[in-house]
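Before any comments, here is the structure.
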Amino acid sequence: MTDNFIWWRDGIIYQIYPRSFADSNGDGVGDLDGITHKLDYLKDLGVDALWLSPIYPSPDVDFGYDVANYLDVDPKFGSLESFDRLVKAAHERGLRIVLDLVLNHTSDQHPWFVESRKSKDNPYRDYYLWRDPQPDGEAPNNWLSIFGGDGWELDPETGQMYFHMFYKEQPDVNWRNPAVRQYMLDVFKFWMERGVDGFRLDVFNAYYKHPDLLDNPPARLRLDPMMLAPFFRQNHINDTDNPDMIPLLNDLRAILDAGGETYAVGETFIGGADVAARYIGRDKLHAAFNFDFLKCGWWGHAFFKAIDKWEKLLDGVDAWPNYVLNNHDNPRSATRYAHGEDDQRLKLAAALLFTLRGTPFIYYGEEIGMRDIPLTRDMVKDPIGKRFWPLMKGRDGCRAPMQWSAEPNAGFSPPHAETWLPVHANYPKRNVLAQQAEPGSLLNWYRRVIALRRQHAALRTGKFVPVTRGTNFVLAYQRQNEDETLLIAFNFSGNRQNLALEDDLASQTWEMLLSSTRSAMVPFSGASLSLEPNEALILRPVK
C-alpha cells in the first residue's frame with residue numbers, strides 16, 4: 001500500500017455486537033476479553049478497525065442503547081481495565097477501535113434523570129425536555145416515538161411530561177443546555193484519552209429539537225409500508241435536523257482533529273442520502289451513513305441508482321462515501337438475498353462492497369454468511385418485536401451469537417452455557433473453522449477480495465466511472481487512478497448476461513484478477529463480455 005493510507009478512508013471497518021461475538025467467561029454473553037481473544041482472526045481477515053456497539057452500563061431496555069453511565073463499561077462486558085487491554089492488543093496488531101456513542105438520550109436510570117424527575121426546580125431538570133401538558137391534559141405537541149405511541153410521558157409526581165424519541169425509558173437530553181453540551185463533548189475526550197480512534201454517533205441528527213417545540217406538519221402521502229406507522233406520517237422538521245447541529249459538529253471536529261486521525265461517522269436518523277450529505281465535510285463529520293444501499297433489492301440497476309445518487313451528492317465537496325450491507329438493526333444480507341445455504345450472491349455482494357469508492361463496513365458474521373435465526377414469539381427479546389409482533393419481529397434475528405466452530409454453542413460460549421440468544425441451527429457446517437479449511441468458501445472469498453483491495457490503490461481511492469446505467473441485471477464500472485484502471489462487472493441474474501463495452505474498453509485486452517465463479521479466463525478483448533450467472537468479475541488491462 002502507498003504511504004498516504006488513511007485508515008478510516010482506505011481501510012475496512014468491522015462492526016462487532018459485543019454481546020454476540022465471543023463469550024470468554026461462560027455466562028452466555030459476549031464480552032471484551034472475548035473480542036481480545038479473536039483479534040488475530042480479525043487481523044488475518046484484513047480489516048483495519050473494529051466498531052463496538054455500546055458497551056456502557058445499561059439496564060438493557062434497548063440492549064445498550066439506553067446508557068446509564070457514559071464513562072464506564074458494563075460489568076457484563078468487563079471493565080475499563082479489560083477495555084484498555086483490548087485497545088492495547090488491537091493497536092499492537094494495527095487495528096483501530098471505534099466506539100458507539102448514544103448521546104441523543106440516556107437511560108431513565110442515568111443519575112441525571114433520576115435527579116431530574118425529583119422536582120421541577122431540581123438542578124438537573126433542564127438536562128431533559130420537560131414541559132407542562134396542555135390544559136386538556138394532552139401532550140405539549142404532536143411529537144411521537146418511533147417505537148410507537150406518543151413521544152411524551154407523564155410523570156405523576158411533578159405533573160409534567162418528558163419527551164422520548166424512543167422508549168419511555170430513554171428520555172431525550174436537552175442539548176441546548178450548555179452543561180449537557182459540554183459534558184457530551186468531554187465524553188469524546190475521555191475515550192480518546194483511553195486510546196479510542198473513532199466514534200459512531202447513534203441518531204446524531206436528532207440531538208437538537210426546535211427551541212419552541214413546534215408541531216411537526218403531516219408528511220406527503222406516498223406508497224410506502226412505513227406510512228402505516230403514525231410516526232412516518234409526520235414530516236420531522238422540528239424534532240430532527242435542526243440547524244444548531246452544524247455549530248456542534250464544528251466544535252466536535254476540532255476536538256477530533258486535535259487527536260490526530262480520530263474519526264466520526266454519524267447514523268442519520270430517518271433521513272436518506274441527501275440528509276446524510278449535509279453533515280459531512282472538513283469541519284463536520286468525516287462520514288455519515290447512507291442506508292439506501294442497504295435497502296436495495298437484488299437488481300443491478302437498484303444498486304447503481306443508490307451508488308450514483310451518493311456519488312453525485314458528494315461530488316465536488318470535501319466528503320467521503322461509505323457503504324454497508326448489514327448492521328444490528330436490519331435483517332442480514334444473507335437472509336435478504338441468498339437462496340437457502342447458497343452463497344453465490346453473497347460473494348457478488350462482497351465484491352461490490354469492497355470495490356466501490358468509499359469505506360466498507362462489515363457486520364460480524366457477514367464474512368461467513370450468517371443467516372438470521374428463526375424466532376417464535378416467546379423467544380423474542382427485542383422490545384420492538386414484543387410490541388409489534390407479528391408485523392415486526394424485532395432485531396434479534398441478526399444479533400445471534402457468532403459461529404466460530406462446530407462445537408456446541410458454535411464455539412461462542414462453552415458447551416454448558418445458555419447463550420443469550422440461540423445459535424443458528426446451521427452452525428455445524430456454517431462456521432469459521434469449516435470455512436477456513438474450504439478454499440472456495442465465502443470467508444476465503446472475503447479474504448481474497450480484501451487482499452485485492454489492499455494491493456490496488458485504484459480500488460481504495462480511485463475514481464468511480466460508471467460503465468452501465470440502465471440495465472436491471474448487469475452493473476459495471478471502472479475504478480481509476482493515475483497508475484491503473486480496473487473494470488468491475490456484476491451479473492445479478494441467474495442466467496448468462498452480456499456486458500456491452502464501447503470505445504476504449506472494447507479496444508483493450510483484459511486479464512482476470514478475480515472471479516466469483518471461474519478459476520481462470522483467457523485474456524479477453526472485444527465489444528461484449530460474457531458474465532456467468534451471479535458472477536462478480538474484476539479485470540485489468542493487459543500491458
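The values are calculated or read from the model by the stated rules, or taken from the named source; none is laboratory data. Worth saying up front: this structure is predicted, and the values here are computed from it rather than measured. Every residue, glycine among them, receives a Cβ derived from its backbone with ideal geometry; neighbour counts consider all protein chains shown.
Figures for the structure shown
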{"read-out": "Filter result (charged (D, E, K, R) and in a loop (DSSP other than H, G, I, E, B)) within segment 243-287", "value": "ASP244, GLU261, GLU267, ARG282, ASP283, LYS284"}
{"read-out": "Residue match in segment 108-118 (condition: over 26 Å from PHE199 (Cβ atoms), touching a Pro at 6+ places or on another chain (Cβ under 9 Å) and surrounded by fewer than 20 Cβ atoms within 10 Å (Cβ to Cβ))", "value": "yes"}
{"read-out": "LYS76 being modelled with pLDDT of 95 or more, in the same structural domain as LEU228 (by TED's automatic domain parsing) and farther than 27 Å from PHE388 by Cβ", "value": "no"}
{"read-out": "Qualifying positions in segment 38-59 - surrounded by fewer than 19 Cβ atoms within 10 Å (Cβ to Cβ) and either more than 15 Å from ILE97 (Cα to Cα) or in contact with a strand residue (DSSP E or B) (Cβ under 7 Å, 6 or more places away or on another chain) (or both)", "value": "TYR41, ASP44, LEU45, PRO59"}
{"read-out": "Single residue of segment 497-543 satisfying the filter (small (Gly, Ala, Ser), assigned to a strand (DSSP E or B) and surrounded by fewer than 21 Cβ atoms within 10 Å (Cβ to Cβ)) that is nearest to the chain's Cα centre (by Cα)", "value": "SER515"}
{"read-out": "Verdict on SER20 being surrounded by 23 or more Cβ atoms within 10 Å (Cβ to Cβ) and either of a type in the set (S, T, N, Q) or not assigned by TED's automatic domain parsing to the domain that holds HIS328 (or both)", "value": "yes"}
{"read-out": "Number of the exception - GLN435 against (1) buried (at least 16 other Cβ atoms within 10 Å of the Cβ); (2) at pLDDT 95 or above; (3) assigned by TED's automatic domain parsing to the domain that holds ALA536", "value": "(3)"}
{"read-out": "Among the residues listed as LEU129, LEU95, the single one being closer than 29 Å to ASP23 by Cα, surrounded by 15 or more Cβ atoms within 10 Å (Cβ to Cβ) and of a type outside the set (Ser, Thr, Tyr)", "value": "LEU95"}
{"read-out": "The one condition in (1) touching a helix residue (DSSP H, G or I) at 6+ places or on another chain (Cβ under 6 Å); (2) within 27 Å of HIS210 (Cβ to Cβ); (3) of a type outside the set (Gly, Ala, Ser); (4) surrounded by 20 or more Cβ atoms within 10 Å (Cβ to Cβ) that TYR263 fails to fulfil", "value": "(2)"}
{"read-out": "Residues of segment 381-421 satisfying the condition of being of a type in the set (A, V, I, L, M, F, W, C) and either modelled with pLDDT under 95 or not assigned by TED's automatic domain parsing to the domain that holds SER24 (or both)", "value": "ILE384, PHE388, TRP389, LEU391, MET392"}
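Okay, residues lined up against (1) more than 15 Å from GLY271 (Cα to Cα); (2) in contact with a Gly (Cβ under 6 Å, 6 or more places away or on another chain); (3) not hydrophobic (A, V, I, L, M, F, W, C):
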| position | (1), (2), (3) |
| --- | --- |
| ASN174 | yes, no, yes |
| VAL187 | yes, no, no |
| LEU201 | no, yes, no |
| HIS210 | yes, no, yes |
| ASN242 | no, no, yes |
